[in-house]
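Note sheet for the following structure.
Each value in this text was obtained by applying a stated rule to the coordinates, not by laboratory testing. Note that this is a predicted model, so its numbers are computed, not measured. Every residue, glycine among them, receives a Cβ derived from its backbone with ideal geometry; neighbour counts consider all protein chains shown.
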Amino acid sequence: MKSLIAQSHSLSDPDVQIDVINNHNDKVKSLDKFEKKLDEIGLLPLKPTGIEIFQINVGYMCNMTCKHCHVDAGPDRKEIMTKETLQYCLDALTDSDIQTVDLTGGAPEMNPYFRWFVDEVSKLGKHIIVRSNLTILDTRKFEDLPQFMADRGVEITCSLPFYSKRRTDMQRGEGTYDKSMKVLKILNEIGYGKEETGLQLNLVYNPVGAFLPPDQESLREDYKERLWNDHGIVFNDLFTITNLPISRYLHFLVMSDNLEEYMEKLITSFNPSAAMGVMCRNTISIGWDGSLYDCDFNQMLKIKTNHGAPNHIKNWDLKKLNSREIVVNQHCFGCTAGAGSSCGGAVT
Amino acid sequence: MTMEKTYYNPADLKKFGNVGEFQKELADKFFDYYGTVFADSALSSREKSLIALAVAHAVQCPYCIDAYTEESLEKGYSEEQMMEAVHVATAIRGGASLVHGVQMMNKVDKLSM
Ligand code: SF4
Ligand code: SF4
C-alpha cells in the first residue's frame, strides 16, 4: 500500500481535508463548529496550561502503512528531521524545564540520528517516550534497540489496536499481530512492562473502524488478561485513543460512507471536561522541518502555531508559546468526544 | 413528507425519540425506563450491551442490531464474543422450537394405539 501523497490523492492535501470535515455535505455543514462549543463553555480562545511535553515528529518514514494513519506515513515518505534541526530541539530543551520528550513519527527509530539524539536528551536528564510500532524492532537493523532504550530508561509506548489478531492485522497489515507479540516478549525479557524494573511499557488501543474507544480501565483489564493468558505478556498501562478525522482515517471514513455519522457522533459526544484536558494545552509539537504546531494532528494539517507565537524551533520562546492561542478546527472534536483522547489516552 | 419505499431505513433510528410527538407521556416513561435499564447496576452497562445484542437478533430488529453492534464494539467486545452472543440467541430460539418436539411426541403417544 502507498501513502495518499504517493498516490497523488486529493485527500493528501490538508486544505482538502479541512474542507471535507467542514463541508462534505449539507448535514456535515450544518453541524456545530468546534469553536462554538468551546465558546459555550468559556474556553475560547483555547490557551495552553503550560508546555510539559515536547513532542518531536522526527520523520514521516515508516516501515508500515496502516489504514488509519493520521500521518499518512509509509516507506515512501522521505521527510526526515536533520541533525541540525534535532540540535535546535536540544538547544530549546537545554534552556527549559520541560521534563518530557516524546518521540514520534512515522517510525521514529528510522531517523538516522535517533540513537545520537536519545543519548543527548538523556544526558539532559529528561524523560524520553518513544512511540514505537513494535514491528520495526523485529528487523535486523533495529533489533538491538530494545536494549539500547532500556539502558537509557526510555519509556516505550506502542500500538496494539486490539488484543486479537484479526482486528490488529485488519488495520496494520497481515502478520503485524504475530510480530508485535514476538517483540513484546523480547521487551518483557529485558524487563519492560515489569513493575520492579521501572521500565515502562504502554500499549495504545485505537478503534479499528468508525466507532469510539471503550472505557480505558475496563479495556486495560481485558488486554492484561488476554495477553497474559494467550502469550504470557505483561505491560504497564493501556491508552485508548480516538481516531481523528484526518488523513488516511478520513479517507476511510469518506470511502466507507461513514464520515457524516462519525462527525455527528464526535460532536454529540462533546465532553466539556475532556475539552479542559486536551493535550495541546500542555504539549508542543515539532515537525520534521522544525516547524511548531499545537499538536501532531495540526502538524499533519499544516496548521502552524499562530497568533504571534513563534512557529519554528529556531525561534523557540517558551514564554510566548505558553501564552499562545491554540488553533482549532472540526478535527478537534476527536479529542473531546466521550472520555476524551490524547497521546496519553483518555483525559477524564 | 413522502413515505419510504422500504419498511426499514437506517436513518429512522435517530428519529426514535420522535414517537413522543404522538404520545409524550408514555414515550417519556419508556425512554426514562430504557435509560435506567442500561445503566451500570447489578449488571454493568457493558454486560447489558452484549445481552441487548443477543436479544436484538432474537427479535430480529435491524435498528437494534445496528445500534448494539456499534455499542458492543465501543464496549470493547471482540468479534468472537459478539458472534457467540448471537449463537446464544440462536440456540435458545432453536431449542425453543425443538423442545416442543416433546409435546408432539406426547400427542403422538396419545393418538397412537
Ligand atoms: S500508524 Fe504508526 S506504524 Fe502505522 S503507518 Fe502510521 S506511523 Fe507507521
Ligand atoms: S486536535 Fe490538536 S489542537 Fe485540536 S483539540 Fe486536539 S490536541 Fe488540541
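When the chain is fully extended, how far beyond the present Cα-Cα distance does A:I41 get from A:M276, taking 0.36 nm per residue of separation?
In short, 83.7 nm is gained.
Treating the angle as unsigned and between 0 and 90°, give the value, to the nearest 10°, between the Cα long axis of helix B:45-58 and the longest Cα principal axis of chain B.
Taking the Cα atoms of chain B, the angle to B:45-58 is about 60 degrees.
Find the relative contact order for the stretch B:16-111 and round it to a whole percent, using C-alpha pairs within less than 8 Å whose residues are 6+ positions apart.
21
Between B:F30 and A:D138, what is the spin-label point distance in nm, taking each point 7 Å from the Cα along the Cα→C-beta axis?
Calculated label separation equals 5.1 nm.
Taking a label point 7 Å from the Cα of B:E21 along the Cα→Cβ vector, which residues of the stretch A:254-291 have an amide N closer than 14 Å to it?
In the stretch A:254-291, the label zone of B:E21 (backbone N under 14 Å from the point 7 Å along Cα→Cβ) covers no residue.
At A:E217 and B:V102, where each label point lies 7 Å from the Cα along Cα→Cβ, what is the point-to-point distance in nanometres?
Distance between the two pseudo-spin positions: 4.4 nm.
State the antiparallel share, in %, of DSSP beta bridges confined to chain A, rounding to the nearest 5.
That works out to approximately 25 percent antiparallel.
Mind pulling the angle between the C-alpha long axis of helix B:62-74 and the longest principal axis of chain B? Nearest 10 degrees, somewhere in 0 to 90.
Helix B:62-74 sits roughly 70 degrees off the main axis of chain B.
What ranking do A:C295, A:C158 get, fewest neighbouring Cβ atoms within 10 angstrom at the top?
Final ranking by Cβ density, sparse to dense: A:C158, A:C295.
Stretch A:W116-A:S30 to full length: gain in nm at 0.36 nm per residue minus the Cα-Cα span?
Length gained between A:W116 and A:S30: 26.0 nm.
Taking all pairs of different Cα atoms in the protein assembly as shown, averaging 1/r and flipping that mean, what Kirkwood radius in angstroms comes out?
24.3
In nm, to one decimal, how far is the B:K110 label point from the A:V16 one, both placed 7 Å along Cα→Cβ?
Taking the simple label geometry, B:K110 and A:V16 are separated by 7.3 nm.
If the cut-off is 23 Å between C-alpha atoms, which lysines fall inside it for A:K47, apart from same-chain ones fewer than 8 positions away?
Within reach: A:K33, A:K36, A:K37, A:K302, A:K304, A:K314, A:K319, A:K320.
Please compute the contact order of chain A in relative form: average sequence separation of alpha-carbon pairs under 8 Å and at least six residues apart, divided by the residue count, as a percent.
23
By how many degrees, 0 to 90 and rounded to 10, does the Cα axis of helix B:24-37 deviate from the longest principal axis of chain B?
So the helix axis and the longest Cα principal axis differ by about 70 degrees.
When the Debye formula is applied to the Cα atoms of the stretch B:16-111, each taken as the same point scatterer, what base-10 log of I(q)/I(0) results at q = 0.14, 0.15, 0.24, 0.25 Å⁻¹?
Ignoring solvent entirely, the Cα scatterers give -0.68, -0.73, -1.20, -1.23.
Can you tell me the dipole magnitude for the protein assembly as shown around its Cα centre, using point charges on the Cβ only (Lys, Arg +1; Asp, Glu -1), in Debye to the nearest 20?
440
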